[in-house]
Amino acid sequence: MLTFTIRRLLLAIPTLLFISLIIFLLVDFAPGSPMSQIPLTVPPEVRLKIIEAMGANEPVYVRYLLWLKQFFVVEPLVLWDHWWGTNFSEGMQRIVSWQSRSPVMDIIVQRMPQTLTVIGTSYLLGVLIALPIGIYSAYRQYSWFDQIGTFIAMIGFSVPTFFTGLVLILVFAVNLHWFPSIYDTSLRVTDWESFLKQVRQMAMPVMVLALYNAAQISRYMRSSMLENLGQDYVRTARAKGMSERVVVLKHVLRNSMIPVVTVIALGIPSIFGGAIITEQVFRVNGLGALLIGAIQGSDLPTVQTLTFIFAVLIVLFNLIADILYGILDPRIRYD
Amino acid sequence: MTDLALEKPRSQWADVWSQFKTHKGALVGLVVFASLIFFVSIGPLIWTKDPTFINPDAATMIKTRNKPPSLEFPLGTDQLGRDMLARMMKGGQVSIAVGLVAMTISILLGTLVGVMAGYFKRLDGPLMRLTDLFLALPLLPLLLVMVLLFRDPLAAAFGPEGGTFLLIVSAIGVTSWMQAARVVRGEVLALKEREFVLAARSIGTPSRRMILRHILPNVVSPIMVAATLGIANAIITESALSFLGLGFPPDFPTWGRLLFDGAEYIQNYPQRVFWPGVAISLTVLSVNYIGDGLRDALDPRIRGR
Amino acid sequence: MKMKTALLGAVASMAFAPAAFAERGSDGNVKVLYSQAVSIMNAYLSSGTKDVEVGSLVLEPLAGFDEVGAVFPRLAAELPSFENGGISEDQTSITWKLKEGLLWADGTAFTADDVVFTAEYCMHPEGGCAQLAKYEGVKSVEAIDPLTVKVTFTGPKPNPFTAFVGSTAPILQKAQFANCLGAAAPTCTDANFMPIGTGPFMVTDFKVNDSVELAANPNYRDPAKPTFATLSVKGGGDAASAARAVMETGEFDYAWNTQINPELQAQMNSGGKGKFVSGFGTLVERIEMNMTDPSPDLPEGERSTAKHPHPILSDVRVRKALSMAIDRSLLVEVGYGEAGRATCNLVPAPAIYASPNTDCMMQDMAGAKALLDEAGWMVGADGIREKDGKKFKMLYQTSVNPVRQDFQALIKGWWNELGVDVELKSVDAGVYFGGDPGSPDTFQKFYADAEMYANNFDGTDPEPYVAGYTCNKAPSPENQWQGENINRFCDPAYDAMVAELIQTRDEGARAALIIKMNEMLTKDTYTIIPLVDRGRLSAHSNTLGGVVLNVWDSEMWNAQDWFRVK
C-alpha cells in the first residue's frame, strides 16, 4: 500500500502539470476579456493600454511559464518568508489578480474561513444526515420512512439551490425575521453573543447545501445497502445467530461503503471550490464567489490559481478514496 | 425449486415484467412518466396556443399579464401575457428530451470509463487521470469554448434547433460523467475480487463476456442512482446554459428556464414557479421509482421471492 | 415631478436642521450594499463603476458634479471661470485654487504637489490608467504655489472640467503613491486598498470583492461631519435581493443600483422599511442597426465590414418602419416603471443638448406596414415579407438580462406583426461586452442585424460620445474590432460636423451642433433606435436621512451629509 501511495503521488506531479496547462489554455481560449466590466465610456485606446499594463497581451506560453514560476517558486518563497521572517522573495512578482491588482494567494487566504465554515459545516451535516437515513431506508425498504425519505431526497435534488435559497430567505428573513439574509464576513466570534450571531447567519446557507448534499449521498447509501442486504453472506451471518445490529451495521454497512466513500471523496474538494450559487444568494463571498467573479471578469491569474489548487485536492482525495477501498475491502489490491 | 423444471419455460423478460408489475411505486412512476410524455407531446396538438405569442396590441397585452389560472389560460400567464400551459408543454418537450438524452450520454460514458478502469489494470491509471482532469476543468469557460467551437458547425449541419439540442446534450453529458465513472470503478474493483468472478475467470471466460454477464449486472444499482440524479441535474443545467447564451433562443421556454424566470415573481405570483417546479420534481420522482422497480425486477435474487 | 423634488429637498433640509448640531460620529454605523462587490479603492485602476463610487468616500477630486449635473468645488476654493481668470481667454489652460488648510486623513497637508503627482500617475504610459480619457489633451500640470495648480492643454478646450473633476479623477496622496508610478502601479496593494484621502471616511479594513469597513476621517474639513462614525460596504449578489435587504428585511441602509421590475418595486415598497430614489442621467437603452452585411456566407474578415452594405437595413425606410412598430411606453411599463422613460434621443440630457424630437413616441403599426410596402417589401405567402425573392429575416441579439429578454420578446412580437421573421439571440454579458476579438459574439463584432444594449457618457459633456460615430471609428478586423461606431454608420457630412464641434467654443453653437448630430443618427437615418432613457434606481431605509441621488457623479457624493433619522 505504501509503495502504491508513493507511486501515485509521484505520478500525480506530471498529471497535475498537464492539467494546469490544459486549464490555462482553456481559460485563455474562452471568449471574454478582462475588459468586460469596465464601463463602455472608457475608449478603446485606453482599454488597450490597460491590457498592456496587465501583461495580458503577451503570448500564451510566456504567461503560462510565468505563472508556473510564480506558483512554484515565488509563492512558496513568500510563504517561507512569512513564517521565518527571511526575505528571499524580495522584489519578485507574485501572482496578481487582474481585477483587484492584489496577490491571488492573499485573497484565497482571506476567503478560506467563511468557505470552510459554511460549506464545510453543510457538507459534514449533509453526510451525517444522509448516512443514517440511507441505512434505515434500505433496511426498511418501502416503509413509510423510506417513502418519505425518497420523496424529500428527490425534491431536494430536483429543486435547484437558487430556488431553495430564495424560498428560505422569504420565509425566515423577510417574514419571520429569524435569520439575516446577508452573511457578514467581518463578524468575529469572541463571546456567546457573537457565536449565536454566527450560527444565525450560517443557518440558511447551511440548510440549503446540507439538503442538497444529503439528498445525493443518502440515495447512494440506500441503493448500496439494498444491494448488499440481499447477498448470501448476510443470510449466513443471520443464520449464525448474529444480532441484527451487528449484521447491518458491521457487515453490510462496511461492504456498502465503497460507492458512498467515492461520492464523499469527490465532494470534499468541492468544499474548497465553494458553492457558487448558494454563496451568491447569501453573499457569503467565499471561494466559489471568487471563482465565478474571476471567470466572469476573465481574471486569468485568479481562475488559473484557484482551479489548480482545486485540481490538486481532487487528485489527492481520489487517492485517499482508493486507499480507503483497500481498507474497506482488503481483497482490493493495487500492486 | 423442483416445480420450476416442470413448468413451461418462461422468457426472462416476461419474468422481469411480472416482477416489475408487483412494484407499486414503479407502476405509479411509469404512469406518471407516461402522462408527462403524453402532456408534452400530444398536448400541444390539442392546446394549440403559440407559447411565444405576445399580443401585439399593447392594451390587451397589459390586461393579460400575470393572470391567475382561468378557463382561457388554465395555468395563467407570464409577465408578457404568454400562455403558461402552452409554455409548459413546449418547454417540457425540450426539458424531458434534454434530461433523458444528456443523462444517457453521461451514464454511458461514465459506465464505460468506470468499467474499463476498474476491470483492466493497465487502463486504470490513464482513465482515472482523465477523470481527474475533467473534474478539475472549470465548467463555465469549458462550456463557452464549446459554444465558440461547435455552435456554428453544428447549426450548419443539423439546423439551428437540432444543432443547439446536440450541443446542449453533449455539453451536459461530457461534463457530468465523472461521478458515475468513479462510483462504477470503485464497485468494479471490489467485484473483481469476489468469488463468482474469480470462478468465472478460472474457467477462462473472455473479458467481454465477463463484463457483460458478471460485472455490469452487479453495478446496476449505483448506475440507477446516478441516472435519476443525472436527469434532474441535466434539466437544471440546461436552464443555466441558456443564461450563458449557450442554450435555445431566449424566448424558447424550457422548464428550468420557466422556474428561473418565475423566481423573480415568486412573492406576487407563486404559481409561476409552482408549475415548472412540480413538473421537474415529478419527472425526477417518476424516473426514480421506475429505476427502483427495474432494479428489483432485474435482480434475480429478489425476483420470484 | 419638479415640484415633488423641490418638496423632498425642503423636507430633507428641514430634517437636516437638528442634525447640523450633531457631532462627528454621533450616529453610529451605516450599512451600504453594492450588488457588485468592490475590487479596489483606487479609481485609476478600477474595473467598474462600483470601485469608483466606493472609492469616492475616501478620495476626492478638485470639483464634482451635483445632482443636477452642475460642477461645484470640492477641494478647490472656487470654480475657475473666465470671470475670475481661472480659465484663460483662449481656453488653453485652467488654474485651480485649492482650499486653505486642507489635511489628508493622516494629518499631513494637502498641497498642489499632490495634484501634479496625480496627473503624472494617471498619464504614465505604462500605468494602464483606466481614467486616462479624463486627462486627454492635457499638456502639462504644474504647481504655481502650494495652493495653485495650472493645467495647460494642447489646444483650446471648450470643456476644461475633465482632469481632476468628478469621482473618476480624484486626487491621490503623493507621499503614499510615490513608488507606484507606471508599471509599479498594481504592486502597491496596500495603497490601492487603503488609500489615504481627504474625503469624509477612511478605510479600516478591505476585503477584496467582499466588504469594505470605513471610519470617519478625523481630519475631515468640516468638524461636524460625517455624522456616522463608521460605514460598512458589503458587495455581491443580485439587485433584487439587495433591494430586499433594504426594503423588506431592513438589514441595510442603502442599496446601490437596485434595478428590478416594476411589479417587484411595488411589492417591495409595501414592505414599508425604505423607499426607492430614482434619477435620470444619460444612459439610453437602444437598438443599433447594422449598416453592413453580417451574413455568415461572407468570408471571415468581411462580415460586418464596410465592404458589404446591409442588403435589407441599408434602406432608411425599412429602419424607420422597424422603429415605428415599437411601443416604447409599454417597454418602460414592463421593464423599468419609475426608473425609465421613453426616449427618441441618443443624448437625452443635459437639457441644453437634448433634442425636442418626440416623433417615435407613438407606435404606428399601419404606417410602418405602409412604409415597408413602399420600400418594396411585400407580404409573401407565408406571412413573411419578401423582395426580389429575398425573405425579410433578422437576427436580433443582446446580452443575458431578464429585462432585455422581455424587450426582445415584445419587439419580436411587433416585428412579426410587420411580417418580419425575427430570430433572437442572447449572449453572456462577459462575452458580449468583453470585446475579445477572437469571439464572434461581441457587440463590437456585431454578427447580427440588430442588437440592443445601453450606453451613456461620462459627466455632462457629450462631445466624445457623439464623436464616436465617424467613419474611421467603425470596428473592423484592421483595428481588432475596437471602435465606438458600432453601426458602421458613415456619412462625410457627420464627420465634418464632428470636426466642427471640436473647434467650436461657443456653448450655444456646440449645443445646436450636438442636437443636429443626435437627430442625424436617430430621427433622420434611424441608424440608432433609442428605446428607453434609463434612470438610476437605488433604495434607502426610512431611517437614513440626507440621501440625494446623483446620477452625474458617485452616488456616495454626499455621504458626509447622511444622518440617522431618529
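Quick note: the coordinates plus some simple rules give every number you see, no bench work behind them. Worth saying up front: this structure is predicted, and the values here are computed from it rather than measured. Methodologically, a virtual Cβ is constructed for each residue, glycine included, from the backbone with ideal geometry; neighbour enumeration extends over all protein chains shown.
Miscellaneous remarks
- Tensor-based shape of chain C (alpha-carbon gyration tensor, a/c under 1.5 rounded, otherwise prolate or oblate): prolate
- With loop membership from DSSP and a limit of 14 other Cβ atoms within 10 Å, the longest segment of chain B without GluC sites (Glu not before Pro) is B:73-192.
- Qualifying GluC sites (Glu not before Pro) in the range C:479-535, where qualification requires a DSSP coil assignment and no more than 14 other C-beta atoms within 10 Å, are lacking entirely.
- Furthest towards positive pole of dipole, A:Asn175, A:Gly241, A:Ser298, structure part the range A:109-328, Cβ charges: A:Gly241
- The protein assembly as shown: calculated mean residue ellipticity at 222 nm from DSSP helix runs of at least 4, using -39500 (n - 2.57): -15500 deg cm²/dmol
- Helices that extend 27 Å or more along their long axis by alpha-carbon positions and average at least -1.0 on the Kyte-Doolittle scale are, among the DSSP H runs of chain B, B:84-119, B:220-242, B:271-298.
- Charge tally in the Cβ shell below 11 Å around C:Asp315, where Lys, Arg are +1 and Asp, Glu are -1, C:Asp315 excluded: +3
- 10 Å Cβ neighbours from other chains, averaged over peptide B:249-261: 4
- Taking the charge dipole of the protein assembly as shown about its Cα centre, with +1 at Lys and Arg Cβ atoms and -1 at Asp and Glu Cβ atoms, the residue from C:Trp415, B:Leu298, C:Leu147 reaching farthest to the positive side is B:Leu298.
- The residue among B:Ile203, B:Gln271, B:Leu139 whose Cα reaches farthest toward the positive pole of the charge dipole of the range B:139-289, with charges on the beta-carbon of Lys, Arg, Asp and Glu, is B:Ile203.
- Among beta bridges that DSSP assigns inside chain C, antiparallel share in %, nearest 5: 75 percent
- Given charges at beta-carbon only (K, R positive; D, E negative), |dipole| of the protein assembly as shown in Debye: 5320 debye
- Partner shielding of C:232-244 amounts to 5, given as the average count of beta-carbon atoms from other chains within 10 Å of each residue beta-carbon.
- Förster-model FRET efficiency, 56 Å R0, C:Thr108 and C:Val379, C-beta, rounded to 0.05: 0.15
- On Cα atoms only, tilt of C:2-19 relative to the major axis of chain C in degrees: 20 degrees
- Sorted by Cβ density within 10 Å, fewest first, the residues A:His251, C:His308: C:His308, A:His251
- Choice from B:Ile203, B:Ile105, B:Ile54 showing the highest fluctuation, given a GNM over chain B with Cα pairs closer than 10 Å: B:Ile203
- Considering only beta bridges that DSSP places wholly inside the protein assembly as shown, some 75 percent are antiparallel.
- Gyration tensor (alpha-carbon) shape descriptor, the range A:2-84, a/c threshold 1.5: prolate
- Other protein chain Cβ atoms within 10 Å, averaged over every residue that makes up C:34-43: 3
- Angle in degrees between helix C:365-374 and the longest Cα principal axis of chain C, rounded to the nearest 10: 50 degrees
- GNM top mover of A:Phe282, A:Phe18, A:Phe179 - chain A, alpha-carbon springs below 10 Å: A:Phe18
- Peptides ranked, highest mean first, by Cβ atoms within 10 Å: ranges A:181-194, C:280-293: C:280-293, A:181-194
- Nearest 10 degrees, 0 to 90: helix C:492-503 Cα axis against chain C principal axis: 10 degrees
- Ranking of B:Asp57, B:Asp261, C:Asp114, A:Asp106 by count of other Cβ atoms within 10 Å, fewest first: B:Asp57, A:Asp106, B:Asp261, C:Asp114
- Remark: the Cα gyration tensor places chain B in the oblate category, a/c being 1.5 or greater and a/b not exceeding b/c.
- Helical segments meeting 20 Å axial Cα length and Kyte-Doolittle 0.5 threshold in chain A (DSSP H): A:2-29, A:121-139, A:144-158, A:253-273, A:300-328
- Of the cross-linked pairs C:Lys473/C:Lys516; A:Lys197/C:Lys207; C:Lys150/C:Lys174; C:Lys307/C:Lys393; B:Lys49/C:Lys320, those separated by over 23 Å at the C-alpha level are B:Lys49/C:Lys320.
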